[in-house]
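The structure's right below; bear with me while I get my questions together.
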Amino acid sequence: MDTVSSYATLLRQCSTPSSINQGRQLHRQIVHAGLATDRFLSNLLLQMYGKCGDLDSLLRVFHSIPTKNAFSWSIAISALVDHRNLPLAHSLFDQMPTKDEFSATALLAGYAAAGDLPSAEKLFHSMPSRDTIAWNSMIAAYARHGRMIHAKTTFDAAPRRNSSSWNAMIAGYAQNGHCKAALHLFRAMNNEGQRCDMVTFVAAIDACAGLSALVAGRSLHSIAAAAGLVAHVEISTAIVNMYAKCGNLDDATIVFSSIRNKNLISWSTMITAFVQNGHTDRALDAFLAMNVDGLFPDAVTFKSILSACSHAGLFEHGFFHFDLLVHDFGITPTMDHFKCMVDLLGRSGRLLEAEELVQTMPFVPDDVTWNTLLAACRVHKSVERGKRAAEVLLELTSEIPGYYVLLSNIHAAAGDHAEKAKVRDLMEARGVRKKPGWSTIEINDRFHEFTAGEKFQHPKKQQILEELKRLSVLMKEDGYVPDTTEVLRLVNEDEKESLLFFHSEKLAIACGLISTPPGTTLRVVKNLRVCSDCHSATKFISKITGRKIIVRDLNRFHHTENGVCSCGDYW
C-alpha cells in the first residue's frame, strides 16, 4: 500500500469529534511527508475536519489547496451548512468558478433547515437542474412556513418523488393542522406503492391525533405492529399521543406500558395525556415513576405537572413542584411555568397573589398570562380586578374575540348590562368578530363537521334538529337553564336561546346520538374553548341519554358521564 493510500485509509477513520486529535496528528504527518498539496488527501482532510466540527482548520486547508476541484468546493460548503454557518457557505458558493448541483442542493437544504425561505426560493429557482433532494428541500421549506399550497404545487411539479417527498408533505399537512389532507395523502402514497417508513407512520399517526380519528389511528397502529415498527420508541410514543388525543386513555396506557426503553419524551407524553384528560393523580404517580426509572424531568415535563396541579386545585403540590423545579433540578423557570403558577393561584381564589405574580414575574407578561388572570376573575366574580386585567390585555392585542367575551361575562355576572353593552360596542368598533365555531364527530370512520348556526348542512339535518328539540325539553325538565350570558348580540332572551341551540358541539352530539347504538361513547372535537352553556348542556345530555361524551376543545378534554365532567367545571 502506498503512502497516499495509507493516509487516506486512516483519515477516513477520523469521522467524529472524539477523533479530532488523531486527525490533526495525521495532518501534521502529511505535511511533514511533503503531501500537503496532494488534492486527494486535502479533500479527505476537508472531510475529516468537517465531520469533526473544526471549521477553522477546514477553511485553512481549503484555502491552501492550489487547484481546487468540484469536490473541494462541495465538501467545504456542505460542512459549513451542516454546522449552520450559512453566510460563509453562501460566500463560498458565490466564489465557485463553476457551480454544481451538489453544492447548490447542500446550500438549499441548509436554507430550508434554517427556515430562510426567501434565500431557499431564490436559490431553487436559479438552479439549472435540480435533483430529488433539492425538490424535497423546497417542499420542506414551504411546509415549515405553513405555505402548504406552495408545498403541494412543488410536490406535484417534482419530476421524481421518493418516500422523503411524501413524508415532507404528510408531515407538513399534519404539523399545520391540515390533518385530513395528511391522511388522504398517506392513503395515496400507499396506493402508489411507495414504501412507508418510520417518518411516514409518525406523521400519519400525528394526523390521526390532530383529528381525534380513533378508527384510522387504530388501523395505523395495527399496520405498524404488523410491520414490527412498534418496537421503535418514536412510533410507540406517537401511538400513545394519538390514543390520548382521541380521549382513549386506556389504550394509551396499555401502549405506554409495552414500551421497553422509555425515554423522556415517552414519559412526558404519558404525563401530558393524564393531565389533559383530567387524571391528575395518575400524572403525579407517573412523574414519580419516571424518576424511579432513572430519568430526570425537563422543563416540558414540569410544565405538564404544574398544569396538572393547577387544574386539580392542588395548591400545595403546585408550589412544591415549582420549588423542586428550581432547587432540586436546577431548571430556570420559563414564562410557561409562571403562567401555570398564575393559573394555580387564580383557581385557588388567591387573586391578589395571582395579580402580584403577573406584575413581578421575571418576564414581560404576554396576553395569555393576562387572560389567565382574567379567566380567574370571571370565575370568582372579581369585577374590578378583571377590568384591570382586561384593560392591559386589550392593549396588548385587540383582535382576539375570546378576551372580549370573558370581560363581557364578568360584567354580565355582576349584573352590569351597561358595561356589557360597551364591550359589545367596542368589539364592533374595532371590527372584531367571534371566530366561527366548528365541531367534528367521527362515526363509522367518517367525519361529520358542523358549523354553528341554523344554516348548517347535513343529510340528517331534520333528524338532528328533532333530536335537539327533544333533548331541550328533557333537559329543562331536569333543571337546565340556558346560559345566555355567552351571547353578546343585542337580542331578546328567546333569540339568545335560539343562538345557543345551534352551537356546533350540540349539533355534533345530536348527530352522534341518532347515528350510533345506545351506550356508544361520543367523541367530539371543537376548534374553540367550550362555552359555559354547551358545557352545562353536555352534562345534562350525558345524564339523560346514559352516554359518555368526550369533548376535546382548544385547551383540554372534557370526559362527561352521568352529568359529571372530568374538568370539575373549571376550564
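If you count, for each residue, the other Cβ atoms within 10 Å and average over each peptide, how do 87-93, 373-379, 159-165 line up from highest to lowest? It would help to have the intermediate numbers written out before the result.
On the way: 87-93: 16.7, 373-379: 24.7, 159-165: 14.7.
So the peptides 87-93, 373-379, 159-165, ranked by packing, come out 373-379, 87-93, 159-165.
Mind giving me the nanometre distance, one decimal, between the label points for Leu35 and Val364, set 7 Å out from Cα along Cα→Cβ?
Each label point is offset 7 Å from its Cα along the Cβ direction, giving 5.9 nm.
Which of (i) 3, 16, 26, 25, 16, 9, 4, 1, 0; (ii) 4, 19, 30, 27, 15, 5, 1, 0; (iii) 3, 14, 19, 23, 19, 11, 6, 3, 1, 0 is the computed P(r) over Cα pairs in 10 Å bins from 0, in percent for the structure on display?
Given (i) 3, 16, 26, 25, 16, 9, 4, 1, 0; (ii) 4, 19, 30, 27, 15, 5, 1, 0; (iii) 3, 14, 19, 23, 19, 11, 6, 3, 1, 0, the calculated one carries the label (iii).
Would you work out the Kirkwood radius for the range 444-527? I mean one over the mean of 1/r across all pairs of different Cα atoms, in Å. Let's see the in-between values first.
Details: mean 1/r = 0.0719 Å⁻¹.
Every distinct Cα pair counted, the radius reaches 13.9 Å.
Quick one: compute the contact order of the chain, relative version, from alpha carbon pairs under 8 angstrom and 6+ residues apart, as a percent. Please list the in-between numbers first.
On the way: 808 pairs, mean separation 35.8, N = 571.
RCO, the chain: 6 percent.
Please determine, in degrees from 0 to 90 and to the nearest 10, the orientation of helix 299-312 with respect to the longest principal axis defined by the Cα atoms of the chain, where the helix direction is its Cα long axis.
With both axes taken from Cα atoms, the answer is about 10 degrees.
Same structure again: Just report the Cα centroid separation between the range 383-429 and the range 247-262, whole Å.
If you average the Cα positions of each part, the centres end up 43 Å apart.
For an R0 of 60 angstrom, estimate the FRET efficiency from the Cβ-Cβ distance between Leu396 and Gln25 and round to the nearest 0.05. If you can, show how the numbers build up before the last one.
Numbers: r = 59 Å, r/R0 = 0.98.
Once the sixth-power term is evaluated, E becomes 0.55.
What number do you get for the range 97-140 when its Cα radius of gyration is normalised by 2.2 N^0.38 Å, N = residues?
1.00
Leaving out ligands, DNA and RNA, what percent of the accessible area of the range 24-108 is carbon and sulfur, probe 1.4 Å?
Values: 2280 of 4210 Å².
Roughly 54 percent of what the probe reaches on the range 24-108 is carbon or sulfur.
Note the angle between two axes, namely the Cα long axis of helix 132-144 and the longest principal axis of the Cα atoms of the chain, as a number of degrees from 0 to 90, rounded to the nearest 10.
So the helix axis and the longest Cα principal axis differ by about 30 degrees.
While we're looking at this one, here's another question. So what's the angle, to the nearest 10 degrees on a 0 to 90 scale, between helix 249-258 and the longest Cα principal axis of the chain?
Roughly 30 degrees, rounded to the nearest 10.
Right, here's the next one. Kindly provide the trypsin sites (Lys or Arg not before Pro) of the range 438-519 that DSSP labels as loop, not H, G, I, E or B, and whose Cβ sees at most 11 other Cβ atoms within 10 Å.
Numbers: sites: Arg446, Lys455, Lys460, Lys461, Lys469, Arg470, Lys476, Arg489, Lys496, Lys506; in loops: Lys455, Lys460, Arg489.
Counting only loop positions with at most 11 other Cβ atoms within 10 Å, the trypsin sites (Lys or Arg not before Pro) in the range 438-519 are Lys455, Arg489.
Given the Cα-Cα distance of Glu384 and Asp56 and 0.36 nm per residue of separation, how much length would full extension add, in nm? If you can, show how the numbers build up before the last one.
Working: separation 328, 0.36 × 328 = 118.08 nm, distance 6.13 nm.
Extra length from Glu384 to Asp56 when fully extended: 111.9 nm.
To continue, here is another question. Give the Kirkwood hydrodynamic radius (Å, one decimal) of the range 1-87, defined as one over the mean of 1/r across all pairs of different Cα atoms. Provide the component values of the computation, followed by the final result.
Numbers: mean 1/r = 0.0783 Å⁻¹.
Across the range 1-87, the inverse of the average 1/r is 12.8 Å.
Carbon and sulfur: what percent of the range 331-455's accessible surface (1.4 Å probe)?
Values: 3180 of 6310 Å².
Ligands and nucleic acids excluded, carbon and sulfur give 50 percent.
Once fully extended, how much extra length lies between Asn527 and Glu356, figured as 0.36 nm per residue of separation less the alpha-carbon to alpha-carbon distance? Display every interim value, and only then the final one.
On the way: separation 171, 0.36 × 171 = 61.56 nm, distance 3.21 nm.
Taking 0.36 nm per residue and subtracting the Cα distance, the gain is 58.3 nm.
I'd like the distance between the alpha-carbon centres of the range 53-117 and the range 453-511, rounded to an integer number of Å.
63
Taking the Cα centre of the chain as the origin and placing charges on Cβ (Lys, Arg +1; Asp, Glu -1), which of Ala414, Thr272, Ala224 is farthest toward the positive end of the dipole?
Ala224
How much of the DSSP bridge set in the range 517-571 is antiparallel, in percent, rounded to the nearest 5?
Numbers: 7 of 11 bridges.
Around 65 percent antiparallel, to the nearest 5.
Here's something else I'd like to know. Skip the ligands, DNA and RNA, and give the accessible area per residue of the range 35-101 with a 1.4 Å probe, whole Å².
Working: 3220 Å² over 67 residues.
That works out to 48 Å² for each residue.
What value, in deg cm²/dmol to 500, does the helix sum -39500 (n - 2.57) over DSSP H runs of n ≥ 4 give at 222 nm once divided by the residues of the chain? Display every interim value, and only then the final one.
Working: 30 runs with 370 residues, N = 571.
So the calculated ellipticity at 222 nm is -20500 deg cm²/dmol.
If you put +1 on each Lys and Arg Cβ and -1 on each Asp and Glu Cβ, how big is the dipole of the range 113-201 around its Cα centre, in Debye rounded to 20?
Numbers: 10 positive and 6 negative charges, 30 e Å.
Roughly 140 debye, rounded to the nearest 20.
If you take the charge dipole of the chain about its Cα centre, with +1 on Lys and Arg Cβ and -1 on Asp and Glu Cβ, which of His90, Ser103, Val326 is farthest toward its positive end?
Ser103
Can I ask one more? Please report the base-10 log of the normalised intensity I(q)/I(0) for the range 315-451, using a Debye sum with one equal scatterer per alpha carbon and no solvent, at each q in 0.10, 0.11 (1/Å).
Once normalised to I(0) and log-transformed, intensities are -0.44, -0.52.
Also, quick follow-up: Counting only C-alpha contacts under 8 Å and six or more residues apart, can you give the relative contact order of the range 326-443 as a whole percent? Provide the component values of the computation, followed by the final result.
Details: 109 pairs, mean separation 21.1, N = 118.
Relative contact order of the range 326-443: 18 percent.
Next question. Between Thr451 and Arg12, what length comes free when the chain is fully extended (0.36 nm per residue of separation minus the Cα-Cα distance, one decimal in nm)? List each step's numbers first, then the result.
On the way: separation 439, 0.36 × 439 = 158.04 nm, distance 6.16 nm.
So the chain would gain 151.9 nm between Thr451 and Arg12.
What dipole magnitude, in Debye to the nearest 20, does the chain give about its Cα centre under +1 on Lys/Arg Cβ and -1 on Asp/Glu Cβ?
Details: 59 positive and 59 negative charges, 244 e Å.
That gives a dipole near 1180 debye.
Suppose all protein chains stay in the model; what accessible area per residue would a 1.4 Å probe give for the range 438-571, in Å²?
Details: 6300 Å² over 134 residues.
I get 47 Å² per residue for the range 438-571.
Further, regarding this structure: Placing +1 on the Cβ of each Lys and Arg and -1 on the Cβ of each Asp and Glu in the range 444-549, which of Ser536, Ile514, Gly453 has its Cα farthest towards the positive end of the resulting dipole?
Going by the charge dipole, the pick is Ile514.
Now a separate question. Evaluate E = 1/(1 + (r/R0)^6) for Arg424 and Ser257, where r is the Cβ-Cβ distance and R0 equals 56 Å; express this FRET efficiency to the nearest 0.05.
On the way: r = 51 Å, r/R0 = 0.92.
My answer for the efficiency is 0.65.
Treating only the Cβ of Lys, Arg, Asp and Glu as charged (+1, +1, -1, -1), what charge dipole size does the range 392-472 show about its Cα centre? Round to the nearest 20 debye.
Working: 13 positive and 12 negative charges, 52 e Å.
I would put it at about 240 debye.
Something else: Calculate the spin-label point distance for Glu466 paired with Val292, positioning each point 7 Å from the Cα along the beta-carbon direction, and give it in nanometres.
5.6
What number does the range 99-231 give for Rg over Rh if you use C-alpha atoms and the Kirkwood radius? Intermediate results must be reported in sequence, preceding the final value.
Details: Rg = 15.4 Å, Rh = 15.3 Å.
Across the range 99-231, the Cα-based Rg/Rh ratio is 1.01.
Let me ask you something else. Please report the spacing between the Cα centers of the range 123-193 and the range 216-239 in Å, no decimals.
If we compute the Cα centre of each part, the gap is 23 Å.
Over the range 190-289, give the accessible area per residue in Å² for a 1.4 Å probe, as an integer. Could the numbers behind the result be given before it?
Details: 4140 Å² over 100 residues.
Heavy-atom SASA per residue in the range 190-289 reads 41 Å².
The values are calculated or read from the model by the stated rules, or taken from the named source; none is laboratory data. All figures in this text were calculated on a predicted structure; none of them were measured in a lab. Counting neighbours? That spans all protein chains shown, and the Cβs are built from the backbone with ideal geometry, glycine included. The accessibility values were calculated without ligands, DNA or RNA, using every heavy atom of the protein model including side chains. Shrake-Rupley method; radii C 1.70, N 1.55, O 1.52, S 1.80 Å.
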